[in-house]
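First the structure, in the form of structure tokens, and then the observations on it.
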Amino acid sequence: MPRRVFRPAGAALFAVAAVLALSACAPDGDGSAAPTSPPAESTAAPTATPIPTITPTVAPVAIPADCRAMLSADVQAQLASIPLNDPSVGPSGPQSDGSLICVWRDPGADTTQLSTRITRVDRGPALDMLNELVATQGFSCYTPDDGTRCEKTWINDKYPVNDGRTLFYRDDVLIDTQYSNLAPTGYTASIIASIFR
């Protein structure tokens, strides 16, 4: 039975409600004790206290801008004979939205290729997508390197070669690789080590 990736949404909402309830019991800002007699009635309308915005203390993880530089020497050697980002493959390299697309493919080859897109994705939509892949397409997921990795391989519809897809999500960064007859050993692990070092 495939494992699913879950978000603890209910726990987060309960935690927010508990914090708000406790803040209503907090002492006055000047530290004085509460009055022993009821205060005089006020005709002024009650004012709502805004919920403070929490600013992240950790800088966002940087998305690489160079397809070769993020790979180890061993992985680069395995891809040495394969053209990278040939104009015929479509959009590739750094994109205007900050993502990076790397396409390793010989334009003359029928199926041999490896395509990776690294982009920033919020946690909710990312985990929803991974859950959907598990539920509807039979992907397997596990949690290495402080992230979530989902993958699946299958036989190409036209050629007797393996196709596959591997996704890794951590810290709002999604690494999404699709390949056909080209799966260098250590490829995804090399990208993970480069981004999250």
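The values are calculated or read from the model by the stated rules, or taken from the named source; none is laboratory data. Quick caveat: nothing in here was measured; it's all calculated off a predicted structure. Heads up, the Cβs are rebuilt from the backbone with ideal geometry, glycines too, and the neighbour counts pull from every protein chain shown. When the accessible area is computed, the model is the full protein with side chains, heavy atoms only, and any ligands, DNA or RNA have been set aside. Shrake-Rupley method; radii C 1.70, N 1.55, O 1.52, S 1.80 Å.
Skip the ligands, DNA and RNA, and give the accessible area per residue of the stretch 99-197 with a 1.4 Å probe, whole Å². Write down the numbers at each step before the final one.
Values: 4700 Å² over 99 residues.
Per residue, the stretch 99-197 has 47 Å² of solvent-accessible surface.
About the Cα centre of the stretch 82-151, what is the dipole size in debye to 20, counting +1 per Lys and Arg Cβ and -1 per Asp and Glu Cβ, all else neutral?
On the way: 5 positive and 10 negative charges, 17 e Å.
Its charge dipole is roughly 80 debye.
Report the label-to-label distance for Val61 and Asn162 in nanometres (one decimal), using points 7 Å from each Cα along the Cα→Cβ vector.
2.4 nm
How large a share of the accessible area of the stretch 97-169, in percent, is made up of carbon and sulfur atoms when the probe is 1.4 Å and the other protein chains stay in place? The partial results should precede the final answer.
Details: 1630 of 3660 Å².
Percent of accessible area from carbon and sulfur atoms in the stretch 97-169: 44.
Using label points projected 7 Å from each Cα along Cα→Cβ, tell me how many nm separate Glu132 and Lys152, to one decimal.
My value for the distance between the label points is 1.3 nm.
For the pair Thr143/Asp86, report the inter-label distance in nm, with labels modelled 7 Å from Cα in the Cβ direction.
Taking the two extended label points, one gets 4.2 nm.
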